[in-house]
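The values are calculated or read from the model by the stated rules, or taken from the named source; none is laboratory data. If you're wondering where the values come from, they're calculated on a predicted model, not measured in any experiment. Quick reminder, even Gly has a Cβ in these numbers, built from the backbone with ideal geometry, and neighbours come from all protein chains shown.
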Amino acid sequence: MVDNKRRHPRLKHRAKIRVTVPVSTETQILDMRDFSETGLYLFCPVELIPPMGAVVEVQTTEFDDAPVQMARVVRIDPNGGFAVEFGAD
């Protein structure tokens, strides 16, 4: 049995997410794998993954004028993705 330490259930959902790293103003459109109440996971080429702890802005492209949410990189997947947690200051 796998020990699942997640605080909130993950919901699988495919969407395009605009990710901006404010300190560099670099923006990319990435594919989301899943999300929860506290964060989301994004597929990303390894060379473009923001560093651990980086603050990023995330925004869905599914509808116009979607809110921008601040988030912090909390996990990096060496196979090509990263997880962010909402609420970064």
Completion exercise
Scanning the range 58-85 residue by residue, those more than 9 Å from the chain's Cα centre (by Cα), among the charged types (D, E, K, R) and part of a strand (DSSP E or B) turn out to be Arg75, Asp77
Exercise for the section: Determine the pairs where a residue that is in contact (Cβ under 8 Å) with a residue 40 or more places away in the chain, located within the range 50-69, has a partner that is part of a loop (DSSP other than H, G, I, E, B) with Cβ atoms under 9 Å apart, the partner being 6 or more residues away or on another chain. Expected result: Val58/Val68; Gln59/Ala66; Gln59/Pro67; Gln59/Val68; Thr60/Ala66; Thr60/Pro67
Practice task
Quickly run through the range 32-57 and pick out the residues that are β-branched (Val, Ile, Thr) and either assigned to a loop (DSSP other than H, G, I, E, B) or more than 12 Å from the chain's Cα centre (by Cα) (or both).
Solution key: Thr38, Val46, Ile49
Practice task
Out of the residues in the range 62-89 that are acidic (Asp, Glu) and out of contact with any strand residue (DSSP E or B) (no Cβ under 7 Å at 6 or more places or on another chain), state the one that is surrounded by the most Cβ atoms within 10 Å (Cβ to Cβ).
Solution key: Asp77
Exercise for the section: Look at Lys16 and say whether it is at pLDDT 80 or above and either of a type outside the set (Phe, Trp, Tyr) or at positive phi (or both). Expected result: yes
